[in-house]
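First comes the structure, then the notes that go with it.
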Amino acid sequence: MLRDITIGQYYRADSVIHRLDARVKIVGTILYIISLFTFSSFQGYAVSVLFFGIMVTLSKVPFSYIVRGLKPILFMLVFTAALNLFWTPGTTIVEIGMLHLTWEGLYKAGFISLRLILLILGSSLMTLTTTPNQLTDGIEHLLRPLKYIHVPVHELALMMSIALRFIPILIEETDRIMKAQTARGADFESGNIARRLKNMLPILIPLFVSAVNRANDLALAMDARCYHGGDNRTKMHPLRYQGKDILAYGACVFYLVVLGIIVRI
Amino acid sequence: MKEAGRTKSGKGNMIESKDLVHEYSRRDEDGNITGIIRAIDGVDIQVKPGDFIAVLGANGSGKSTFAKHLNGLLFPTEGTLYIDGMDTSDSTNALFVRQTAGMVFQNPDNQIIANIVEEDVGFGPENMGVPTQEILKRVEESLKEVGMFEYRRHSPNRLSGGQKQRVAIAGIMAMRPKCIVLDEATAMLDPVGRKNVLGTVLRLNKKEKITIILITHYMEEVVQADYIYVMNKGKVALEGTPGEVFREEGKLEECRLTAPQITQLVRKLRKANIPIREDIFSEEELIRSLLLFKKNGR
């Protein structure tokens, strides 16, 4: 059961978006998210939705797959929409006891929900089309300027990718320890929260011990393979911008310009 | 990385250890030394280039400590150790030593660094500063050598233990070592995985002339070695060809080891006056000579 958890739900497909440099996708997504907060008109949303639609079509990821990303925030979405619906002052449409449903509220709730939805969908499109490795690589490159103020960018990126590598292993290990403890009569299902948390202790301690041992082994193995920090290191798959990446940056700029013009009118 | 100008010694041997001693000190909470454990106690081992050497020993015999010296992960307390002529106690040699003698560890999960097979194989060359084109070439060659090329884009998490160990071997091969040290690399594998890993190692030894140091406590694995060192309590207790070593039943027992089942069976058969050769190490060979005996014997 625990084995099915995947971090960074990558959807394997062969599309232009998949082949783009991770840096373009990260920068593009950030620009897109920021752009969502710069306007509040229907025309603006029309442009954003259209742009997103084109990207989804190009990415060949089924739309139903992308929508799944909304599940975790469904409650938040309904909650904010409801708050805006009933608590915005303005012309009342219906009155239910204390609650006033207003035109302005309807308008505002619609905008905010749309903004949230596009924000989540936009970033899931990025994680769906970029492997975790490409993501860490892209982040490492983008953060490179921080090296000059002595931020250990290479080490942070390496830590991120090692963490990704060990998540499934540690999940499996947790599963194994839980089964071993259950077999000896441990109970993880009943009692109140405080009790349950206390019962988790016999899982956490062996898990930590094993994680530290693994880290020790891994450090030895990295030493044995000549790892000595990020200096003088070469890359097997260096990130290099290609024609399509420049084009993609162009598309982002084009989107921003169109958005600017439409919103102004 | 340049190798020119490094002083070489060690009589042209791949590995040359002389009176090698390693002591672990046990410390209390304040960092005071409370005891000293001699894990290796005066080991002399010479390995010629291209040899297949096995180091046998029960748990706590010092064999893993010795392995870590071969890779410059531990330094000698006393004595000297030369790898391909380089003194391992000189820390400026460390990267060259590690490049010359690659090491495969016991736990397959804890030595794979990347999330994709081919990127893990490329990790060593990346650290050595090998140019991109050359890395890609080496990764492809190494993965083909261990028979894992078709898995190059897979996540290591989906591979079996034996496959992971073969990926780890490929990761070492991509560094172009002259010697590979396997530190109980088969201990956590099932029989099939063990057979595949050993087969791969044997092929690299025969085809690529890579020196192999196989460190293990499984007797069945060392049958094909050119020469065996048996370690006990930090010392070399017994050495020789597999035939010579397996004959020393009493000494093996002192080292908490037993001869392979086949050898034991052959010995019992000979005691029962069945005239078969003493140096039979494989099942097929034993069956063949028994059939031969049945045909001609009576």
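The values are calculated or read from the model by the stated rules, or taken from the named source; none is laboratory data. This structure is a prediction, so every number in the text was calculated from the model and none was measured. Positions of Cβ are backbone-derived with ideal geometry, glycine not excepted, and every protein chain shown enters the neighbour counts. Ligands, DNA and RNA are stripped out before the accessible areas are found, and what is left, the full protein with its side chains, is counted by its heavy atoms. Shrake-Rupley method; radii C 1.70, N 1.55, O 1.52, S 1.80 Å.
Chains A and B: what accessible area do they bury, summed, in square angstrom to the nearest 100, with a 1.4 Å probe?
Values: alone 17610 and 15650 Å², together 30190 Å².
Summed over both sides, the interface buries about 3100 Å².
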Item to complete: Please list B:55-61, A:253-259 highest first by mean number of surrounding beta-carbon atoms within 10 Å per residue.
Response: B:55-61, A:253-259
Worksheet item: In µm²/s, what is D for region A:135-182 at 25 °C and 0.890 mPa s, where D = kT/(6 pi eta Rh) by Stokes-Einstein and Rh is the Kirkwood radius from Cα pairs?
Response: 196
Discussion item. Using amide H atoms built in the peptide plane, which far-off residues or other-chain residues are under 5 Å from B:Phe52 H to H?
Written reply: B:Ile212, B:Asp226, B:Tyr227
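Let me confirm one metric for peptide B:70-77, namely the mean number of other chain beta-carbon atoms within 10 Å of its residues' beta-carbons.
Mean inter-chain Cβ contacts per residue within 10 Å come to 1.
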Worksheet entry | Inter-chain Cβ neighbour average for residues A:117-128, partner chain, 10 Å | 0
Worksheet item: Dividing the convex hull volume of the alpha carbon atoms of region B:204-298 by its residue count, what do you get in Å³ per residue?
Response: 105
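Highest first, please rank the peptides B:117-130, A:223-236 by the mean number of other Cβ atoms sitting within 10 Å of their residues.
Those peptides, ordered most packed to least, come out B:117-130, A:223-236.
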Response to the item:
Whole-number value, in Å³ per residue, for the convex hull of the alpha carbons of chain B is 160
Worksheet, complete the sentence: Residues whose modelled amide H sits under 5 Å from the amide H of B:Val130, counting only those 5 or more places away in sequence or on another chain, are A:Thr234
Practice prompt. Just tell me how shielded B:100-110 is by partners: mean number of partner chain Cβ atoms within 10 Å of each residue's Cβ, no decimals.
Written response: 4
Practice prompt. Give me the percent of Cα-Cα pairs in chain A that sit more than 32 Å apart, rounded to a whole number.
Written response: 46
Discussion item. Just to be sure I understand: with springs between alpha-carbon atoms less than 10 Å apart, which residue in B:Lys63, B:Lys137, B:Lys209 has the highest mean-square fluctuation in the Gaussian network model of chain B?
Written reply: B:Lys137
Discussion item. Modelling each spin label as a point 7 Å along the Cα-to-Cβ direction, I'd like the A:Glu95/B:Glu220 distance in nm, to one decimal.
Written reply: 8.7
Discussion item. Suppose only helical runs count, i.e. DSSP H with n ≥ 4. What mean residue ellipticity at 222 nm does that imply for chain B under -39500 (n - 2.57) per run, divided by all residues and rounded to the nearest 500 deg cm²/dmol?
Written reply: -10500 deg cm²/dmol
Item to complete: Would you kindly give the portion of the calculated P(r) for region A:207-246 that falls above 16 Å, as a percent of all Cα pairs?
Response: 61
Worksheet item: Once phi is turned into θ = phi - 60°, what whole-Hz ³J(HN,Hα) does the Karplus curve with 6.51, -1.76 and 1.60 give for every residue of region A:39-56, x standing for Gly and Pro?
Response: 8, 8, 9, 4, 4, x, 5, 4, 5, 4, 5, 4, 4, 5, x, 4, 4, 4
Practice prompt. Scan around B:Ala237 for amide H atoms under 5 Å from its own, H built in the peptide plane at 1.01 Å from N, and keep only partners 5 or more places away or cross-chain.
Written response: B:Val230, B:Met231, B:Asn232
Worksheet entry | Radius 13 Å from Cβ of A:Val16, net charge of other residues (Lys, Arg +1; Asp, Glu -1) | +1
Fill in: region A:189-195 - phi-based ³J(HN,Hα) in whole Hz, Karplus 6.51/-1.76/1.60, Gly and Pro as x
9, 10, x, 7, 4, 4, 5
Worksheet item: In whole percent, how big is the carbon plus sulfur part of the accessible area of the protein assembly as shown, probe 1.4 Å, protein atoms only?
Response: 60
Practice prompt. State to the nearest 20 debye the size of the charge dipole of the protein assembly as shown about its Cα centre, where the only charges are +1 on K and R beta carbons and -1 on D and E beta carbons.
Written response: 1200
Worksheet item: When the dipole is taken about the Cα centre of region A:146-224, and only Lys, Arg (+1) and Asp, Glu (-1) are charged at their Cβ, what size is it in debye, to the nearest 20?
Response: 240
Worksheet item: Taking the Cα atoms of region A:146-224 alone, what are Rg (to one decimal) and Dmax (as a whole number) in Å?
Response: 17.3, 55
Response to the item:
Once the dipole of the protein assembly as shown is set up from charges on Cβ (+1 Lys and Arg, -1 Asp and Glu), the residue from the list B:Leu198, A:Ile171, A:Leu256 lying farthest towards its positive end is A:Leu256
Worksheet entry | Equivalent ellipsoid semi-axes - Cα gyration tensor, region B:96-178, angstrom | 18, 14, 11
Worksheet, complete the sentence: Here region A:59-69 yields Karplus 3J(HN,Hα) values (6.51, -1.76, 1.60; θ = phi - 60°; whole Hz; Gly and Pro given as x) of 7, 6, 8, x, 4, 4, 5, 5, 4, 3, x
Practice prompt. Would you work out which of A:Ile139, B:His69, B:Met14 lies farthest towards the positive end of the dipole of the protein assembly as shown, given +1 charges on the beta-carbon of Lys and Arg and -1 on that of Asp and Glu, about the Cα centre?
Written response: A:Ile139
Worksheet item: Quick one: if the Förster radius is 45 Å, what FRET efficiency do A:Val49 and A:Ile205 give, using the C-beta to C-beta distance and rounding to 0.05?
Response: 0.35
Worksheet item: Out of B:Ile280, B:Thr100, B:Ser89, whose Cα points farthest toward the positive end of the dipole of chain B (charges: +1 Lys, Arg; -1 Asp, Glu; placed on Cβ)?
Response: B:Ile280
Discussion item. I'd like the antiparallel share, as a percent to the nearest 5, of DSSP beta bridges with both residues in the protein assembly as shown.
Written reply: 60
Discussion item. Which residue fluctuates most in the GNM of chain A (Cα springs below 10 Å): A:Tyr107, A:Tyr241, A:Tyr249?
Written reply: A:Tyr107
Practice prompt. Grab the DSSP H runs of chain A that are 4 residues or longer, score each as -39,500 (n - 2.57), total them, divide by all residues and round the 222 nm result to the nearest 500 deg cm²/dmol.
Written response: -23000 deg cm²/dmol
Discussion item. I want to verify the translational diffusion coefficient of region B:100-245 in µm²/s; compute it with Stokes-Einstein, Rh as the Kirkwood radius over Cα pairs, at 10 °C and 1.306 mPa s.
Written reply: 101
Worksheet item: Can you give the Kirkwood hydrodynamic radius for the protein assembly as shown, in Å, rounded to one decimal and based on Cα pairs?
Response: 28.4
Worksheet entry | Sequence ranges A:118-129, A:25-36, B:32-43, ranked by mean other-Cβ count within 10 angstrom, highest first | A:118-129, A:25-36, B:32-43
Worksheet item: Taking the Cα atoms only, what angle lies between the long axis of helix B:261-271 and the longest principal axis of chain B, rounded to 10 degrees?
Response: 30
